[in-house]
There are 2 protein chains.
Amino acid sequence: MQNSFITALTHFSPLSEASQQALAAVSRRLVLEKGHVLVNAGMVSDYIYFIEQGLSRTYYLKEGREVTDWLSADGEIAGSIVSFISRQPDQRIVQLLEPSVVWAVSYGSLETLYAHHHDLERLGRLLVSHGLLQLQHRFDALHMASALERYQGLLANRPALIQRVPLGMLASYLGITSETLSRIRAQV
Amino acid sequence: MQNSFITALTHFSPLSEASQQALAAVSRRLVLEKGHVLVNAGMVSDYIYFIEQGLSRTYYLKEGREVTDWLSADGEIAGSIVSFISRQPDQRIVQLLEPSVVWAVSYGSLETLYAHHHDLERLGRLLVSHGLLQLQHRFDALHMASALERYQGLLANRPALIQRVPLGMLASYLGITSETLSRIRAQV
DNA sequence: GCAATCCTTTGACAATTGTCAAAAAATTAG
DNA sequence: CTAATTTTTTGACAATTGTCAAAGGATTGC
């Protein structure tokens with residue numbers, strides 16, 4: 001077991017030596033600068049990313065404004081998940097907010113690996129399940145919650161993001177405006 | 001291929017005869033009345049359900065009010081997904097809104113099937129992926145959207161629900177109050 | 001290091017949505 | 001079928017949040 005990416009994955013589910021090597025063979029490690037765009041809008045995203053170190057933001061434009069959909073930091077998965085899974089174009093853009101080290105795996109190579117290695121297919125299922133839990137948790141945090149509750153939830157669950165992500169992006173991540181978040185911050 | 005449940009699943013991914021039979025052997029078909037509680041709050045949910053016909057609502061209490069988290073109709077999966085996946089207790093309750101015919105499969109039997117049938121593990125991955133897409137779609141529909149936009153989104157995407165689900169439940173499903181939804185309906 | 005740019009804060013005000021209460025309508029149970 | 005219960009609608013008002021504009025800070029690039 002050689003790299004941080006595969007080490008992190010095996011914490012979800014064990015992998016045979018063969019599977020680890022096959023996965024390592026199709027993963028590429030990228031050292032990228034802040035601002036680099038991992039996925040552009042309007043295309044089918046062919047890659048999924050694992051952030052060894054750094055920070056990415058997934059966002060889209062709604063009525064000319066950027067809406068932050070997701071934030072991924074060290075040890076997490078990043079990408080335009082909807083497009084990657086559905087194999088359809090999507091308007092989401094994925095951009096690095098910090099200089100980052102990421103691992104990239106293509107959809108096609110994953111498909112091949114899944115077909116040949118049951119343990120990787122299982123790992124894939126568990127990773128998607130984990131993603132679903134995370135998304136549901138995020139959904140719950142916004143559902144029927146006030147702007148203050150949303151901010152407090154973020155503070156409780158992902159405090160590091162508050163330091164690392166510009167306020168405007170955090171605001172739309174929470175489904176509120178920058179002005180409202182700025183005022184909440186001033187009060188609390 | 002004998003039942004509607006397995007037929008629906010094979011539309012996601014093909015299953016060998018052996019897998020189909022193994023799955024059929026652990027699935028139970030239930031004919032239940034309106035109001036029946038499939039999953040109670042505070043416990044680990046051991047079953048996942050497929051609704052052959054009918055309608056279920058997943059909800060929880062927040063400050064004494066019911067918050068509708070999910071609605072599942074004919075041909076869809078129902079249950080307390082968070083608890084089922086995480087194997088942790090959850091406050092969500094799943095209740096039938098109509099007399100329904102559902103198929104139930106236990107977590108334990110699914111685990112066993114996954115371990116022995118790669119094609120079922122793949123199907124599981126694809127089902128969870130599909131669930132993730134649905135949840136993301138629902139999230140997007142509420143993110144940075146007004147009450148009117150949310151209602152119009154529901155009207156566009158799941159018009160049947162508006163006929164079948166009481167207004168109060170639809171309102172909290174959309175993250176708004178009953179009064180607001182009632183007024184939107186009166187205007188549009 | 002400094003100018004230019006971008007981001008955040010603050011203010012004034014408007015729009016949206018929530019709250020509480022009561023009436024009207026619909027549904028349920030006997 | 002009718003009474004009881006629950007749900008939906010409506011009204012009056014309050015609270016929250018959004019919008020626009022401008023000032024103040026911070027960051028970036030040369």
| remark: Considering the stretch A:135-160, residues that are closer than 26 Å to B:S129 by Cβ and within 14 Å of DNA strand C (Cβ to nearest atom), and then whichever is nearest to the chain's Cα centre (by Cα), we arrive at A:L142
| Subset of the stretch A:157-171 that is more than 9 Å from DNA strand D (Cβ to nearest atom) and within 14 Å of another protein chain (Cβ to nearest Cβ) - its residue that is surrounded by the most Cβ atoms within 10 Å (Cβ to Cβ) | A:L170
| Near pairs, Cβ below 8 angstrom, 6+ apart or cross-chain, from the stretch A:177-188 (within 14 Å of chain B (Cβ to nearest Cβ)) to any residue that is in a helix (DSSP H, G or I) and near DNA strand C (Cβ under 6 Å from one of its atoms) | A:S178/A:L167; A:S178/A:G168; A:L181/A:L167
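So which residues in the stretch A:172-181 are loosely packed, with under 13 Cβ neighbours inside 10 Å and more than 8 Å from DNA strand D (Cβ to nearest atom)? So that I can check it myself, show each step before the final result.
First pass over the stretch A:172-181, keeping only residues loosely packed, with under 13 Cβ neighbours inside 10 Å: A:179.
Scanning the stretch A:172-181 gives no hits.
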| said: All but one of (1) under 30 Å from B:A160 (Cβ atoms); (2) in contact with a helix residue (DSSP H, G or I) (Cβ under 6 Å, 6 or more places away or on another chain) hold for B:H118; state the number of the condition that does not hold. | reply: (1)
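Pick from the stretch B:66-93 the residues that are assigned to a strand (DSSP E or B) and under 25 Å from A:E149 (Cβ atoms): which of them is nearest to the other protein chains (Cβ to nearest Cβ)? Walk me through how you get there before you give the answer.
In the first step, residues of the stretch B:66-93 are kept if they are assigned to a strand (DSSP E or B); the result is B:66-73, B:77-78, B:90, B:93.
Still in the running and under 25 Å from A:E149 (Cβ atoms): B:66-71, B:90, B:93.
On the way: B:E66: 10, B:V67: 5, B:T68: 9, B:D69: 7, B:W70: 9, B:L71: 14, B:D90: 10, B:I93: 14 Å.
Top of the filtered list is B:V67.
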| said: Please determine whether any residue of the stretch A:136-148 is loosely packed, with under 15 Cβ neighbours inside 10 Å, within 12 Å of DNA strand D (Cβ to nearest atom) and hydroxyl-bearing (S, T, Y). | reply: yes
| query | Condition test on A:T180, is it away from DNA strand C (no atom under 16 Å from the Cβ) and modelled with pLDDT of 95 or more? | reply | no
| message | Take the conditions more than 27 Å from A:S86 (Cα to Cα) and either within 16 Å of DNA strand D (Cβ to nearest atom) or touching a helix residue (DSSP H, G or I) at 6+ places or on another chain (Cβ under 6 Å) (or both) and apply them to B:L96. Does it pass? | response | yes
| said: Looking at the stretch B:118-133 only, could you name the residues that are more than 18 Å from B:G75 (Cβ to Cβ) and more than 9 Å from chain A (Cβ to nearest Cβ)? | reply: B:D119, B:L120
| field | Failed item in (1) buried (at least 19 other Cβ atoms within 10 Å of the Cβ); (2) touching a Leu at 6+ places or on another chain (Cβ under 6 Å); (3) farther than 16 Å from B:I6 by Cβ, with B:S19 passing the rest | value | (3)
| query | How many residues, within the stretch B:66-81, are surrounded by fewer than 21 Cβ atoms within 10 Å (Cβ to Cβ), within 23 Å of B:I176 (Cα to Cα) and either away from DNA strand D (no atom under 16 Å from the Cβ) or at pLDDT below 95 (or both)? | reply | 1
| said: If I ask for residues that are more than 14 Å from every other protein chain (Cβ to nearest Cβ), away from DNA strand C (no atom under 16 Å from the Cβ), in contact with a strand residue (DSSP E or B) (Cβ under 7 Å, 6 or more places away or on another chain) and outside any loop (DSSP other than H, G, I, E, B), which ones from the stretch B:27-65 would you list? | reply: B:R28, B:R29, B:L30, B:V31, B:L38, B:V39, B:Y47, B:Y49, B:F50, B:I51, B:E52, B:Q53
| said: Take B:G108 and tell me if it is at the interface with chain A (Cβ under 9 Å from one of its Cβ atoms) and either surrounded by 16 or more Cβ atoms within 10 Å (Cβ to Cβ) or more than 14 Å from the chain's Cα centre (by Cα) (or both). | reply: no
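The values are calculated or read from the model by the stated rules, or taken from the named source; none is laboratory data. Computed from a prediction, not measured in an experiment: that's the story for all the values here. So basically every Cβ, Gly included, is an ideal-geometry build from the backbone, and we count neighbours across all protein chains shown.
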